[in-house]
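Peer 1: Before we start, here is the structure in question, set down as structure tokens.
The values are calculated or read from the model by the stated rules, or taken from the named source; none is laboratory data. A quick note: this is a predicted structure, and the numbers were derived from the prediction, not measured. Ideal geometry is used to build each Cβ from the backbone, glycine not excepted, and the neighbour counts take in all protein chains shown. Areas reflect the complete protein model, heavy atoms only, side chains present, ligands, DNA and RNA absent. Shrake-Rupley method; radii C 1.70, N 1.55, O 1.52, S 1.80 Å.
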Amino acid sequence: MRQERRAMTDIEVLAVPVLESGERAELRIRACAEPGVYLEALPDVTIESSDPSVVRVEDGALVGGVVGSAEVCVIAASSEGATFERRWTVVVAEGSPDIGRPIAGHPRILYTEEERQRLRQRIGAPETVRGIDVGRIWRELRELGETYLQESGFRVTYMNAPDVIDVAYPLRQPAPLPNPAGYVDYPFWTMYSRQIENRLVTLSTLYGLTEERRYADRARAMLLELARYERWYEFPWRGAEGNLSNAHFAIGAATAYDAVYDTMTAEEREVVRSAILEKGLRPMSIDLGNRDQHNIVVAKQVAMLIGALAIADEEPAAGKYVLRTYAYLKTYLDLRVESEETEGLMYTNVAAKHIAEAASALKKATGDATLLDHPYMSEVVPDMFFYFQSAGGEATFANLSDAHAKLDLSYIMSLLAANAKHEAAMGYVERYESTKPAVLLNLLHAPELPKGVSPDVYFADRKSKVFPHIGWAALRSGWGAEDHALAFASSPSKRDHNHFDQNHFILNVAGEWLIADPGYQDYRPGPRHEFTNGTVGHNGLLVNGKGQSRRGGGRLTAWGAAPGFAFAAGEAADAYEGALRGWRRTIVHASDAYYIVLDDIRLHDPEDAAELLFHSTSAFVQDGLRLAAGDRLRGTDFVVRGERAAVEGRFYAEGPIETTLTAYPGAEEYGPYLAVRPRPNRDGRVRLATLLVPSVRGETRGRAFEVRWEEAGAIVSAGEERIRIDGEGTPERLR
């Protein structure tokens with residue numbers, strides 16, 4: 001039967017955003033019947049440059065001329081008479097000099113030849129090394145590799161989308177999927193490309209450590225199949241903008257190209273090398289010169305550096321990617337030491353891991369360790385993870401902003417242990433990450449390993465720490481089985497992974513997050529999004545029933561830490577964009593035993609309503625009975641009781657106070673929360689002191705507390721200890 005001829009409805013152009021003088025780039029132009037569905041027949045194409053002295057058109061290719069920029073226009077005509085047009089700006093830079101240092105031979109991305117041989121010796125006689133079960137890691141890695149060799153395909157699933165991608169070998173570019181309800185440009189390819197990157201890296205590792213060609217053959221086949229894709233980014237109309245799949249494909253392809261280089265023919269190398277350049281590096285070059293610190297931009301800069309390092313000795317045009325991405329990453333690390341921006345610990349880990357991978361590859365390929373040894377990587381990053389780790393010896397973390405409580409820190413911690421000789425990082429690997437493949441690659445080729453110690457030993461009496469630039473504070477008694485830790489955020493960061501939650505805090509006791517955060521926001525419109533992204537789902541303040549309307553409207557105004565005493569004060573009125581005159585929250589951690597939370601709220605009108613919220617996924621208890629949504633507190637005492645720990649709470653207000661356990665309609669699964677409504681005074685001022693006393697084994701410890709209000713602040717007494725908090729939120733112990 002004759003197949004119906006399909007009409008052309010659009011074109012796709014693999015745009016080239018950046019060239020250097022003298023560089024030639026072929027333009028790939030395809031006719032589409034619908035998005036992602038290509039026609040065999042090529043359209044009648046005209047390519048024009050607004051300034052041929054900058055960019056000239058030569059036989060369907062662009063050639064860089066003098067330094068500058070020019071607009072390129074591609075016009076394609078269908079046989080039906082319709083025309084389709086694509087325009088973009090091409091920047092031409094000076095020709096790249098040599099990258100300034102010799103580049104090592106292959107392999108040089110995952111390991112050098114010397115490191116590869118040392119690893120082969122290690123796995124040849126596997127034993128437990130400093131708590132690392134080499135035999136188990138190697139066995140599980142081999143099992144994973146066998147799975148990848150035997151599989152005929154795999155399935156990619158998503159948390160927020162009902163659709164799946166069923167992948168069959170040989171690899172083919174996926175067809176577009178419809179957006180899930182409430183989403184625009186849902187990134188299906190992010191997880192898909194990560195799955196392919198993971199397979200390429202795993203197969204590359206196994207080939208390097210076994211020299212068995214079957215691993216190289218599968219990786220080589222995947223490389224050649226991936227090279228036949230039309231593009232490595234998901235959305236043709238966006239290119240590599242805001243897209244992670246391009247980075248994952250490029251990292252996976254570059255890693256495998258480097259590892260199985262000796263098994264490929266010259267023609268195969270050319271095909272893969274061209275794909276890395278044309279489908280990986282050139283589309284991502286839109287971010288050359290971009291100083292944005294977003295984790296997606298970081299990933300693309302890292303991918304460009306790793307991709308360029310893999311082909312730099314054979315492709316002269318790759319030099320500019322090495323030089324310019326190095327400059328970006330060096331500047332990024334310099335800025336991050338004092339940057340006000342944060343995207344939460346999960347994306348800090350994502351960015352730090354990517355940078356560590358690139359920094360490690362740069363050192364292996366060129367001997368340059370400046371990125372790897374940067375103080376942001378060796379000092380700031382580990383401090384953030386350790387100080388915001390849970391107490392109780394648990395490997396969970398403060399899930400402020402978009403973050404999950406569990407994080408895979410195997411790569412960054414093992415690299416810190418090997419490169420920076422970080423003893424607490426080594427201790428973390430020994431205790432929590434001793435069976436991960438990253439540990440094998442990062443640690444076991446190191447000539448020497450540091451002694452592993454616990455955070456309590458490493459940080460000694462420095463148990464609390466403030467990160468003033470991002471507005472985060474960790475106030476803790478330690479990391480041990482009966483310790484507790486509070487994370488407080490009053491941040492100026494406006495990143496989209498931040499929530500409307502300034503002056504928010506969470507509390508962990510003996511490993512349980514008892515005063516809690518809902519974690520990663522639900523991006524689908526509706527009550528779950530309002531709850532997980534908005535103030536109502538956090539331990540914050542509602543004014544007349546409404547929360548914060550501006551991201552990043554917080555800042556720390558005072559802080560300090562000393563043995564047995566630490567505090568931080570935040571001001572978050574700017575987050576409400578004029579809905580109140582001021583809201584200062586001061587949190588004091590006293591005697592490593594209890595917390596004072598002092599809220600000083602200044603409303604515009606005494607008729608305005610202030611409502612402070614306290615969330616938990618554990619049980620709210622009063623007089624031994626579990627409370628349910630709709631219950632009111634009798635008096636001002638309550639207990640949050642977990643499985644093995646508890647926190648006793650008590651409210652003190654200047655005037656009357658009403659407290660109700662509330663559930664948010666449509667987001668009841670996150671549990672009820674305490675809504676505390678103190679009555680404003682005649683000046684519209686509300687002051688509330690909350691005492692939180694952590695305890696273990698589910699038994700609270702009674703304490704005799706008293707709060708005496710002063711004109712500017714308050715004096716809190718706990719037995720013989722007295723603490724004055726002044727009008728600026730600064731506490732002092734009174735003798």
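Peer 1: Using the crude model of +1 on Lys and Arg Cβ and -1 on Asp and Glu Cβ, and no other charge, please compute the dipole size for the chain relative to its Cα centre, in debye to 20.
Peer 2: The calculated dipole for the chain is roughly 1120 debye.
Peer 1: Any idea how far the Cα center of the stretch 90-114 sits from the one of the stretch 129-195, in Å?
Peer 2: 30
Peer 1: Here's a follow-up. Could you give me the percent of Cα pairs per 20 Å distance bin for the chain, shortest bin first, beginning at zero and ending with the bin that holds the maximum distance?
Peer 2: 16, 43, 31, 10, 0
Peer 1: Would you kindly state how much longer the chain becomes between Ala481 and Ser50 on full extension, computed as 0.36 nm times their sequence separation minus their alpha carbon distance, in nm to one decimal?
Peer 2: 148.3 nm
Peer 1: If I stretch the segment between Ser549 and Glu140 completely, what's the gain in nm (0.36 nm per residue apart, minus their alpha carbon distance), one decimal?
Peer 2: Contour length minus Cα-Cα distance gives 142.4 nm.
Peer 1: Here's something else I'd like to know. Taking the Cα centre of each part, how many Å lie between the stretch 504-540 and the stretch 246-279?
Peer 2: A separation of 43 Å, based on Cα centres.
Peer 1: Find how much the distance from Glu643 to Glu114 grows on full extension, using 0.36 nm per residue of separation minus their present alpha carbon separation; answer in nm with one decimal.
Peer 2: Contour length minus the Cα-Cα distance gives 185.4 nm.
Peer 1: Roughly what % of Cα-Cα distances in the stretch 595-733 sit above 25 Å, to the whole percent?
Peer 2: 31
Peer 1: Sequence neighbours fewer than 8 away in the same chain don't count; with that in mind, list the aspartates and glutamates whose C-alpha is under 16 Å from Lys451.
Peer 2: Glu423, Glu430, Glu433
Peer 1: I would also like to ask the following. Treat each spin label as a single point 7 Å out from the Cα along the C-beta direction, and report the Glu728 to Tyr169 distance in nm.
Peer 2: 6.7
Peer 1: Relative contact order for the stretch 476-585: what percent, with Cα pairs under 8 Å and sequence separation of 6 or more?
Peer 2: It comes to 25 percent, rounded to a whole number.
Peer 1: Just the ratio, please: alpha-carbon radius of gyration of the stretch 1-155 over 2.2 N^0.38 Å, N its number of residues.
Peer 2: 1.69
Peer 1: Under DSSP H, which helices of the chain have Cα atoms covering 20 Å or more of the helix axis and a Kyte-Doolittle average no less than -1.0?
Peer 2: Span-like helices in the chain: 134-150, 188-210, 213-227, 245-259, 295-311, 319-336, 345-366.
Peer 1: Along the charge dipole of the stretch 658-735, which of Ala714, Thr730, Tyr670 sits closest to the positive end, that is, farthest toward it, with unit charges on the beta carbon of Lys, Arg, Asp and Glu (+1, +1, -1, -1)?
Peer 2: The residue sitting most towards the positive pole is Ala714.
Peer 1: Along the Cα→Cβ direction, 7 angstrom out, place labels at Glu669 and Thr263. What is the inter-label distance in nm?
Peer 2: For the pair Glu669/Thr263, the computed spacing is 4.3 nm.
Peer 1: Please state, as a whole number in µm²/s, the translational diffusion coefficient that the Stokes-Einstein equation yields for the stretch 558-657 at 20 °C and 1.002 mPa s, with Rh defined as the Kirkwood radius across alpha carbon pairs.
Peer 2: So the translational diffusion coefficient is about 134 µm²/s.
Peer 1: How large, in percent, is the carbon and sulfur part of the accessible surface of the chain at a probe radius of 1.4 Å?
Peer 2: 48
Peer 1: Give me the distance between the Cα centres of the stretch 369-436 and the stretch 33-71, rounded to whole Å.
Peer 2: One Cα centre to the other: 47 Å.
Peer 1: Estimate the FRET efficiency between Asp683 and Ser339 by the formula 1/(1 + (r/R0)^6), using the beta-carbon distance for r and 45 Å for R0, to the nearest 0.05.
Peer 2: FRET efficiency, Asp683 to Ser339: 0.75.
Peer 1: Related question: How about Lys353: which lysines have a C-alpha closer than 21 Å to its C-alpha, ignoring those fewer than 8 places off in the same chain?
Peer 2: Counting by Cα, and skipping residues close in sequence, Lys353 has these lysines nearby: Lys300, Lys330, Lys363, Lys364, Lys406, Lys421, Lys436.
Peer 1: Next question. With only alpha-carbon pairs counted, each pair once and no self-pairs, how large is the Kirkwood hydrodynamic radius of the stretch 210-307 in angstroms?
Peer 2: 13.8 Å is the Kirkwood radius here.
Peer 1: Which log10 I(q)/I(0) values, to two decimals, does the stretch 516-560 give at q = 0.16, 0.17 Å⁻¹ under the Debye formula with one point per Cα?
Peer 2: -0.50, -0.56
Peer 1: For the stretch 1-155, what relative contact order do you get, as a whole percent, if you take Cα pairs closer than 8 Å and at least 6 residues apart?
Peer 2: 18
Peer 1: Any idea how far apart Glu711 and Val67 come out in nm if each label point goes 7 Å out from Cα toward Cβ?
Peer 2: Result for the modelled spin labels: 6.5 nm.
Peer 1: What accessible area per residue comes out for the chain, rounded to a whole number of Å², with a 1.4 Å probe?
Peer 2: That works out to 39 Å² for each residue.
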